[in-house]
Structure formats: C-alpha cells, structure tokens
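*Asks:* Sharing a structure here in structure tokens format.
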Amino acid sequence: MRHFLQLAFFSFFSLFLMAHDQKNQAAIFFASDDQLQQKLQNFLPDQFLLAEVLYQTDGTCDLQELHYLTGLEHAMVANAKDIQNALFYLHQSQKFCSVSVELIKKDCGYDLIFHLQKQQILHRMSVSGFLRGKDRLKNSYSIDIGDPFDQQKHKHCIEQMINFLKDAGYFQAQIIDSVKIDVQTQDVAVHCAVKKGSKFKVRAINILFDNVGSVTQSEIEKLQQRIQALCAVRLHAKPYCSELIEALLKKIKWMMQHHGCIDFDIRVDQKMIPASKQVDIDLHISLERKKEFIFWGIKFFKTDQIIDHLLLYGKSTWHFPSSLIVDEVEQLYKSKGFWNVQVSVREQKDKVFCYIKEGVRANIYSIQFKNNAKINTAVLLKESCKPFLKSRYFDKDLFKKMFDQVVKKYKEFGFWDAKIIKDEFVLGAKNGSYDLIITVDEGMQKIFGGVAIPDQPELQVQLQTMVAKNLGQGFDYRWLQEQQQWIIKILKSRGYQKVAANYSLQEQGQCLQVVWKVQLCESATKFGKTLIVGNCKVPHRFLMQELSHECEQIWDKKNIEKTVQNFKSLPIFDAVQIYPGQQNDLNGCKPIFVKLVEDERYEIKTRFGLQQVGRNLQLFRGFTYKAGATLCLKNPFLRADQCVLEADMTRFYRNVAASYQFPWLFGKKIGCQWKAYDSYYQQPVYIGSQDCLYKIVQQGFLCNLTHTRDNKKLGQFILSGSAGFEAMGLYQGDQPDLNVIIDYDRNLLEKKIGYLFVEPTVLWQKVDNLLNPHRGHISFFSCKAMLDLDSKTSFFNVLVEHTQYLPIAPKVTGAIRARMGHVFNRCFDQINPIERFYLGGALTLRGYERDYTPPYGLLTKPIYDQHAGLPSCADNIWRYAPQGGRSLFNLNAEVRLNLYKNFGLVIFNDVGALFKHSIYDELKSWRDSFFAGSGFGFRYDTPLGPARFDVGYKWKIQYPDFESRCVWYLTLGQAF
C-alpha cells in the first residue's frame, strides 16, 4: 500500500511539472527570419486566443499606429498567419531596425509582446552659410528626409557636398556638420554650416602639347592660337565653374575634329593659388596625326555640315579612300536634290582637297497620283504632301516621310494593304524642274464590323457603345491600338496589374469584327494597409482620415490620386509621395506607402507689385500698388494646423488678419478656422476714379467650418458655415450728401454698428473640368443672417445659383447660369451698400461697367474725366453712381466653340434685373427693370484657365449722357 501511494505521488508530481512547463512555454520570433512561417506554424495551434498584446520599444511610439499595423487586439481569436502579417507590416513601416515577437502560452491563451528597436530616421536637414544654389547643394545630400539614417552614408554625403562646392569654384570650402539624435524618437537632425570662402577665378589657361606625332610645328602653333582664343573668351578672368570647363572641352574637341585632328586626348590639370584666390588651368593635349578636309565650290552646305556627316563614322573617317569620300559627299548632296553633283578629291600629305560642282537642285513642280480610285488626289495632297509641297525642292527625308504619310492615310480609310509601287520624276520644261508621278496599289478596303469581348460582357457593352459611331466605316488600323489601350487601362484601374489583351479578326464579307481575348494573369490587386513614412509628426489617427481608399478594397487609381490631393491640400507639407510596396502581405494585398515631408516650420512671405481692381482690364484702369506680408507658423500643435498673420495694403484698402486653422474638428474631417480681422476700404466712384464715394470699416472675428464630401455618382459637395461678430461702419467719402446718392439712411452714417452673424453655404458640383467645363453642373446656395445689437438694421439674405454645361457637339459646348437673390429687412435704405446686390461687368451682365447696372443715383458733385470713356454728349462728366438692389435676377447663356487647338470663340447673351422695393410693383414696368447685353468673345486656354476677351452690346440705353453702346473686357477665366 505504501509503495502504491509513493508511486501515485510521484506520478501526480511529474504530471504537475509537465503541465507547469507547458503552461509557461514561450518563444521569440524575428520578422527577418526566412523560416518564420514554418516556425510559427510549428509553435502555435491553428487558432488561439490572444490574452494580451503588448509593445516594448526603446523610444516613444504612436500606440494607435502600432495597433493599426498589427491588426491584433485583446481577446481576439488569431492564427499564425495573423502574427506573421503583423510582423510583416511592422518591418515594412521603416520605423524599426529590429522587429520580433515573444509568445507566451498561458491557461487563457497566448500573450504577445512585440519587441521593437527604433530606426534612426532623418527628420530634418538644413544648410547655412550658402544662399545662392542652396537647393542644389542640399540635393547633393543623398539621404532623403524620412529615410533611415546611416553614419557612413552621411560622411559620403558631406564629401559630395564639398565636391559640389569645389566644382562651383570654392576650393577652400569647409562644411562643419552637426548630427543631433532625439533619444526618445530616434529622429535625426543634420545641420551643415558651410564656410565657403572666396570663389576662385581663372587666372591663366595654358595649352600644352605633350605629344604631337607627325603634325608640323606650324600646325601646332595654329591650333594653339585657336584654342587659346577660345579659352580667353570663355574662361579668362571669370569665376571658376566645372560646368564651364566641360563646355569648353566639348567646344575644343569639336574644333579640333573639324580641323583634321584624328587621334587626340585632352587632360585637365588645375593649380590653385590660395593667396590670390585664383586657379591656373593646364590643358595637356596629346595628338598623333592630322588630316584636314578642305572643300571648294560649296554653296548649299557649310564645311562643318559636311564634316559632321563624315564624322558619323567616327575615327575611321580619316582612313577613308578617296573613292569612298567622293561617294559619301555625293550621296549627301543627292539626298537634298542635287542629282547632277560632281565631286573630285585630291590628297596631299595631311590635307584632303574636295572639289564640288553642285549643279541645279531638283524642284518638284507638281505631284500626281495614279490608280487612286478611292481617295482623290486633293485629299492626299492636303493631308500627306503638305510639308513636301511647302519646300518644293527635293529632300530625301521629306520624300520618305511623304510616302509614309500617303500609306498611313490609306490605312486610316481601311486600305491596310495599300502600298506605293512606283515613283518617277518626269523632267519639266525648265532646267531642274520635275513632275512627280506616284503609282499606288490601294488593295481591298476593310470595313469595321464591331467588337466583342466574350470573357468580359460588361466591358464589351462599354466598348461597343464607345465605337458605335465607327460601324460601317473604313477600318482605321489605329482603332485596334486605341481599343487595346482602353481595355488595359480600364482593367488596371480595377486592380489587375498584369493584363494581356490580344485580338483576332473575323471576316464577315467585306466587314471585319474584332474579337478581343483578355487574359488576367493574376487576381485583382487589393489595397493593403497604408504605411505613413517621412518626417510627419501628426498623430496617425488624423492622417488616416485623409485616405480615399480602404484596406482590402479593389485597387483604384482614382482613389490614389484623391489621397494625394487630400494630403497636398494640408498646408504643412513640402512634398507628398505615394507608391505601392514591392511585396504583398500574406492576404495578397499591396501595401501603400505615403511619404510626407513637412515644410519649414516658420515661413515669411512678402509681396509687392501692381494689382488690378476687379477682373476687367478695360482701358487698364483700376491699377494700384499692392504691398503685403504673411507670417506662417506651421503645425504648432501637431495637428496639421497653421497660424497665419497677414497684412495687405493698396490704394483702395487696408487689411490685417490673424487666423488659426486646422483640418480636423472633433476627430472628424471638418476644417475649422478662427479668424480676427480689421479691414478698411475706399469705394471709388468708378474704376480709375480718384474720388472716393464712401469708406467702409469692418472689424470682427469669426469661426468657419468646412466639410467636403465626394460621391462618384453625384459629384462633390462642399458644406461651409461661418458665425461670428462684426462691427461695420459706413463713412462719408468725397461726395457730399452720400445718403441721397446711394439711398441710405442718414442716421446710419458715420457710426459703427455691431452684428452677430451666421452664414452657411452649400456648393454642389459635378463637372469634367473645373477651369473649363464642357459637361456637368455647379449649384450654389448661400444665406446670411446679421442681427445688430440695436435691432434696427438686421437683415437676412439668400442667394441661389445654378450653372449647367451641355456638350452640343464634339467642339461645341452650351452653358447657362441662373442667379436669384433677395435681402429680407425692413427698409432698403437700411441695407449697407456692401450687402446689396449689384450687376454689370465681365462676370454678371456684359455690356455694362462693373457693378454699374441701374438703379443709379445722381452724384452731388459730378466728376470731370476725359479718359472715362463716356459718350460724347456727356461732355466727359461722370454724373451717376450705382445704388444696388434688394433683389437680384441674372440669367447668362453662352455657346462656346473650339476653333483651333487652344483658341475658341464664344457667343453670349446676359439678362439681369435689380429691384430696390417690391418685386411685384416693379414688374409692372418690367421693360424698365430688366437689362440685357449680347456679344461675342475669344478664348485662349492656359494652365490657369482661359484668357478671355469679350465685347458686350447693350440692348437698350436708358441714360444717353452716361451709357455707351458697347463695353469690352480682358480677363482670365470663364464668366461662369
């Protein structure tokens, strides 16, 4: 019994020890291990529970970013593949030089401890002491911002920078570099203090012939004089620069070749004179022999052109026998139409004399085609022979190009087997005049009979719709390439990286049907996780909101482009790059790298120049000086935020504003801006006038929120809203009795009124091109409520606008815009002039001056101005000022035609009306309330938008002593 109890005790104790060892089993796995997958599978069961996920690093890390990269959470059921994928992304993130995971088995599952050793990353690289060419000097530092930092590579980069300075002439340049490493983040800041010293100048250029071979001394002296003269012009007493030396050597080599030097070598030595900051340059020339070509009788070609042609054969040119030289020169002349050229050659020691009798150059008087039954001669001459006919003289290159164009034109009409079987030149009446007769073999015409993609029904429908207009026409061979490119582009945009599209042609009588066979070499690529690299310090959770793609979503190039746009819209980045990873993760998804390089933290901008008030450049009136400055503090709170202080001053206004903006409010993608401002504005009576009608002062602060939503079907929505406080005052200008002129309450003049305001706006747009739309629409809604503290001049205004763009023909676009607005308040004379509606000018009602559509007020002090452009009956006296309106109606219509390349023509008609009081009462006399203008204009497309010149004509003139029949406008951008 006792033995039995002892045996049971030892058995139980052994089982306990085995269970204890099994429970505390642990292992460490490294991300760089080639056998990682097999080891994980051997150690872990098929599925297991994660009891705890921990991260141990030698510095600070964004915990949310680590959770995103690993995708592992507490109490999650995982497998070996999940662990390997987590290690993959941690390693790919480029933030850690060593990545490993420790797995500890417990009763409730496994504990995961990631051991991460941070990688030193170049966070900032700055240069001081060198202004001119500073960017080029920084570019010679080959470690990019955001890349891993390496001391050896850093030393090599410093050497490259010193070599750059020496090449620029700073032979005594020194660079004192300092490397600072943040212990917590492992960020590296490199600063290079440049002591460039003086820039050396070239004192003397010495030409030394080390070896002259069989060349005579007199020839050497001539060469030396030519080279010395060339050096004196290009280098003597000039600042040293390696680029100048290279350009000089290139010129010397060209000159020596054209003077018959065959085998030669040039070596450059530099001797510095530190005391005088000068450098001597020695050119050591070794020359074996010389053979100079001398041409007599040449008129059409220059000597250099003939030698350049012979030098196409390299050094062997100087070993050509006389017969070969004669043949080459004759072929050169005959290629330009000198068919009767005569060339003779005589050689003497180191010279070759070429005697040339050029003769008459062949002139092609006319071109005729034979057997061209399907395409008439006029079409071929216009489309294919234009460059040849423009020259008229025979040119072999143009001749070949013309033949290629003729065959190409036939293929465009479906004659795939067309060829030129004969060309003959018939001598004309005049000497050297020829008629060219081209005989063609057209072959059978192939008719386009449609397309089919059996393996891709959806793609087939889209392609058939696209090519429907070509059915029954001559089969242009270029359509095959266009269709192939379209198929590959569409499928690649859907994530298929390897696409093969091959076609077969099925004959149906004279028609050919194209059958495409599409091979997708792999499944559609999906987006993997997005890895943020670079030197951006914004928290990871905020940056992820700028992504337009999601993990495991089918690859879409448009989403990539949208992501780039989102990051570039943030004001803190100097560079934004996005690129896919080279390796897929274990789920077959492609990691996406977004490299963000922050701009300089502090930025000061100054500006000075001329400004045009308004977009109308008529008579170049309204120009004023403009001076301003902007101080920016970027990313002060690590939220992609920006503090801006700016001031501007012109002849008409003074603005000072301080703002703080950030792109994410409450963790959402809602842009927020806080702004305080102080503005002073003088309203001229008219553009170019020296008299001020009134003065406006606006002081206040506001908060603006903006949110943008993109929808593939509906387009883009921009929701914006502002709220704040504003003190606004209207003051007397140079005109007495201002209240009478602009119909404004006298009691509101010369005083500030405080308002609380709210202004929401909605913009909905879906257009194919923002600068020059051809299809789509833009809708805009805005309302503004301003409540004054005395409750006397409060108002609420609404403005609604809709623009529609319709393609009428391939090069014709119709555009129409409707605008309506109204100000709700007690009396018109209590509406501040800057809150009223106005019409007239290049953007609203063409045919009228800017903001000068009736109703008018009479000036109490008329202005004499002989350059105001008034009608003759006005006696150069300006008598009116605009009053604006409480209600607005505006309708614009345009037909836009593309004439040639970037040039376009526009025909327009604008209608509008302003109402001061009751719309119902004023519509009773609608003929006097509505105004219209028609006209035409020209457009020239530029990268900034169309340059526009418009001429508008009024339909009626109500004020003959003030209004001109037409007004012209020169501006940038479409009217709407």
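*Asks:* Just one of the numbered conditions (1) part of a helix (DSSP H, G or I); (2) over 24 Å from residue 262 (Cβ atoms); (3) not acidic (Asp, Glu) is not true of residue 199; which one?
*Replies:* Only one criterion in (1) part of a helix (DSSP H, G or I); (2) over 24 Å from residue 262 (Cβ atoms); (3) not acidic (Asp, Glu) is unmet by residue 199, namely (1).
*Asks:* Please go through segment 740-759 and pick out each residue that is surrounded by fewer than 17 Cβ atoms within 10 Å (Cβ to Cβ) and either over 43 Å from the mean Cα position of the chain (by Cα) or among the charged types (D, E, K, R) (or both). Explain how you work it out, then say what you get.
*Replies:* Of segment 740-759, the ones surrounded by fewer than 17 Cβ atoms within 10 Å (Cβ to Cβ) are 740, 745-747, 749-752, 754, 756, 758.
Selection gives 740, 745, 746, 747, 749, 750, 751, 752, 754.
*Asks:* Taking segment 288-307, which residues are touching a residue at least 24 places away in the same chain (Cβ under 8 Å) and basic (Lys, Arg)?
*Replies:* Of everything in segment 288-307, those that are touching a residue at least 24 places away in the same chain (Cβ under 8 Å) and basic (Lys, Arg) turn out to be 289, 290, 291, 299.
*Asks:* Moving to a separate point now. Restricting to segment 829-853, name every residue that is outside any loop (DSSP other than H, G, I, E, B) and either of a type in the set (S, T, N, Q) or buried (at least 24 other Cβ atoms within 10 Å of the Cβ) (or both). Spell out how you get there, then give the answer.
*Replies:* Residues of segment 829-853 that are outside any loop (DSSP other than H, G, I, E, B), as a first pass: 829-830, 833-835, 837.
Scanning segment 829-853 gives 830, 837.
*Asks:* Another question, then. Residues 505, 480: which one is outside any strand (DSSP E or B), among the hydrophobic types (A, V, I, L, M, F, W, C) and not assigned by TED's automatic domain parsing to the domain that holds residue 426?
*Replies:* Values: 505 fails: outside any strand (DSSP E or B).
Every option except 480 fails the conditions.
*Asks:* Only one of (1) assigned to a strand (DSSP E or B); (2) more than 34 Å from the chain's Cα centre (by Cα); (3) not hydroxyl-bearing (Ser, Thr, Tyr) fails for residue 958. Which number is that?
*Replies:* Looking at each condition in turn, residue 958 falls short on (1).
*Asks:* If you scan segment 127-163, which residues turn out to be in a helix (DSSP H, G or I), over 25 Å from the mean Cα position of the chain (by Cα) and of a type in the set (D, E, K, R)?
*Replies:* 153, 155, 159, listed by residue number.
Listed here are the residues, each with its yes/no results for (1) within 36 Å of the chain's Cα centre (by Cα); (2) of a type in the set (Ser, Thr, Tyr); (3) assigned to a helix (DSSP H, G or I); (4) at pLDDT 90 or above.
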| residue | (1), (2), (3), (4) |
| --- | --- |
| 49 | no, no, no, no |
| 55 | no, yes, no, yes |
| 60 | no, yes, no, no |
| 64 | yes, no, yes, yes |
| 67 | yes, no, yes, yes |
| 74 | no, no, no, no |
| 85 | no, no, yes, yes |
| 89 | yes, yes, yes, yes |
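*Asks:* Does at least one position in segment 677-689 carry a residue that is at pLDDT 90 or above, in a strand (DSSP E or B) and closer than 30 Å to residue 566 by Cβ?
*Replies:* yes
*Asks:* Just need a number here: residues in segment 310-332 that are within 19 Å of residue 394 (Cα to Cα), buried (at least 16 other Cβ atoms within 10 Å of the Cβ) and either modelled with pLDDT under 85 or not acidic (Asp, Glu) (or both).
*Replies:* 2
*Asks:* Give the residue that is farthest from residue 112 (Cα to Cα), with candidates limited to residues of segment 30-39 that are modelled with pLDDT under 80 and in contact with a strand residue (DSSP E or B) (Cβ under 7 Å, 6 or more places away or on another chain).
*Replies:* Per the criteria, the residue is 36.
*Asks:* State whether the residues of segment 345-352 include one that is outside any strand (DSSP E or B) and not assigned by TED's automatic domain parsing to the domain that holds residue 301.
*Replies:* No, segment 345-352 has no match at all.
*Asks:* Another one. Restricting attention to segment 399-454, and to residues there that are hydroxyl-bearing (Ser, Thr, Tyr) and part of a strand (DSSP E or B), which single residue is nearest to the chain's Cα centre (by Cα)?
*Replies:* Taking the candidates together, the pick is 439.
*Asks:* Sticking with this one: Taking the criterion of being of a type in the set (D, E, K, R), surrounded by fewer than 15 Cβ atoms within 10 Å (Cβ to Cβ) and assigned by TED's automatic domain parsing to the domain that holds residue 206, would at least one residue in segment 255-266 satisfy it?
*Replies:* First, the residues of segment 255-266 that are of a type in the set (D, E, K, R): 263, 265.
Those left that are additionally surrounded by fewer than 15 Cβ atoms within 10 Å (Cβ to Cβ): 263, 265.
Going one step further and asking which of them are assigned by TED's automatic domain parsing to the domain that holds residue 206, we end up with 263, 265.
Yes; the residues of segment 255-266 include at least one that is of a type in the set (D, E, K, R), surrounded by fewer than 15 Cβ atoms within 10 Å (Cβ to Cβ) and assigned by TED's automatic domain parsing to the domain that holds residue 206.
*Asks:* Please determine whether any residue of segment 511-530 is surrounded by 14 or more Cβ atoms within 10 Å (Cβ to Cβ) and at positive phi.
*Replies:* no
*Asks:* Can you pull out the residues in segment 169-196 that are farther than 20 Å from residue 132 by Cβ and assigned to a loop (DSSP other than H, G, I, E, B)?
*Replies:* Going through segment 169-196, the residues farther than 20 Å from residue 132 by Cβ turn out to be 177-190.
182, 183, 184, 185, 186 - these are the residues of segment 169-196 that are farther than 20 Å from residue 132 by Cβ and assigned to a loop (DSSP other than H, G, I, E, B).
*Asks:* Could you tell me whether segment 777-796 includes any residue that is part of a strand (DSSP E or B), touching a Pro at 6+ places or on another chain (Cβ under 8 Å), closer than 27 Å to residue 565 by Cα and among the polar types (S, T, N, Q)? So that I can check it myself, show each step before the final result.
*Replies:* Quick first cut of segment 777-796, residues part of a strand (DSSP E or B) only: 777-788, 795-796.
Of the ones still in play, those that are also touching a Pro at 6+ places or on another chain (Cβ under 8 Å) are 782-783.
From what's left, closer than 27 Å to residue 565 by Cα: 782.
With the extra rule that they be among the polar types (S, T, N, Q), the set shrinks to 782.
Yes, that holds for at least one residue.
*Asks:* If residue 545 satisfies every condition in (1) touching a residue at least 60 places away in the same chain (Cβ under 8 Å); (2) over 24 Å from residue 643 (Cβ atoms); (3) among the polar types (S, T, N, Q); (4) not in a loop (DSSP other than H, G, I, E, B) but one, which is the exception?
*Replies:* (2)
*Asks:* Something else now. Please find, among 396, 408, 400, the residue that is surrounded by 14 or more Cβ atoms within 10 Å (Cβ to Cβ) and charged (D, E, K, R). Write out each step before concluding.
*Replies:* Values: 396 fails: surrounded by 14 or more Cβ atoms within 10 Å (Cβ to Cβ); 400 fails: surrounded by 14 or more Cβ atoms within 10 Å (Cβ to Cβ).
Only one candidate passes the filter, namely 408.
*Asks:* Pull up segment 100-131, narrow it to residues that are modelled with pLDDT under 90 and within 25 Å of residue 179 (Cβ to Cβ), then point me to the one that is surrounded by the most Cβ atoms within 10 Å (Cβ to Cβ).
*Replies:* 130
*Asks:* Out of 923, 859, I need the residue that is in contact (Cβ under 8 Å) with a residue 24 or more places away in the chain and not basic (Lys, Arg). Which one?
*Replies:* Working: 923 fails: in contact (Cβ under 8 Å) with a residue 24 or more places away in the chain.
On inspection, the qualifying residue turns out to be 859.
*Asks:* Here is a further query. Of the numbered conditions (1) under 29 Å from residue 536 (Cβ atoms); (2) surrounded by 15 or more Cβ atoms within 10 Å (Cβ to Cβ), residue 48 fails exactly one; give the number of that condition.
*Replies:* (1)
*Asks:* Evaluate the following for residue 709: is it in contact with a helix residue (DSSP H, G or I) (Cβ under 7 Å, 6 or more places away or on another chain) and of a type outside the set (A, V, I, L, M, F, W, C)?
*Replies:* no
*Asks:* Another one. Which of the following residues is under 23 Å from residue 328 (Cα atoms) and either assigned to a strand (DSSP E or B) or basic (Lys, Arg) (or both): 299, 271?
*Replies:* Working: 271 fails: under 23 Å from residue 328 (Cα atoms).
Criteria check complete, one pass: 299.
*Asks:* Moving to a separate point now. Going through segment 582-598 one residue at a time, which ones are acidic (Asp, Glu) and at pLDDT 90 or above?
*Replies:* 598
*Asks:* Can you go through 830, 765 and tell me which one is closer than 24 Å to residue 916 by Cα and in contact (Cβ under 8 Å) with a residue 40 or more places away in the chain?
*Replies:* On the way: 765 fails: closer than 24 Å to residue 916 by Cα.
Only one candidate qualifies: 830.
*Asks:* All but one of (1) under 30 Å from residue 942 (Cα atoms); (2) in a strand (DSSP E or B) hold for residue 754; which doesn't?
*Replies:* (1)
*Asks:* Also, I was wondering about something else. Only residues that are surrounded by 14 or more Cβ atoms within 10 Å (Cβ to Cβ) and either without any contact (Cβ under 8 Å) to a residue 12 or more places away in the chain or assigned to a helix (DSSP H, G or I) (or both): list them for segment 380-390, please.
*Replies:* Looking only at segment 380-390, we keep the residues that are surrounded by 14 or more Cβ atoms within 10 Å (Cβ to Cβ), and these are 380-381, 383-385, 388-389.
Of everything in segment 380-390, those that are surrounded by 14 or more Cβ atoms within 10 Å (Cβ to Cβ) and either without any contact (Cβ under 8 Å) to a residue 12 or more places away in the chain or assigned to a helix (DSSP H, G or I) (or both) turn out to be 380, 381, 383, 384, 388, 389.
*Asks:* Is there a residue being more than 30 Å from residue 735 (Cα to Cα), among the charged types (D, E, K, R) and within 44 Å of the chain's Cα centre (by Cα) anywhere in segment 880-892?
*Replies:* no
*Asks:* Let me ask you something else. Residue 458 versus (1) surrounded by fewer than 16 Cβ atoms within 10 Å (Cβ to Cβ); (2) of a type in the set (D, E, K, R); (3) outside any helix (DSSP H, G or I): which is the lone unmet condition?
*Replies:* (3)
The values are calculated or read from the model by the stated rules, or taken from the named source; none is laboratory data. A quick note: this is a predicted structure, and the numbers were derived from the prediction, not measured. We place every Cβ from the backbone using ideal geometry, glycine too, and count neighbours over all the protein chains shown.
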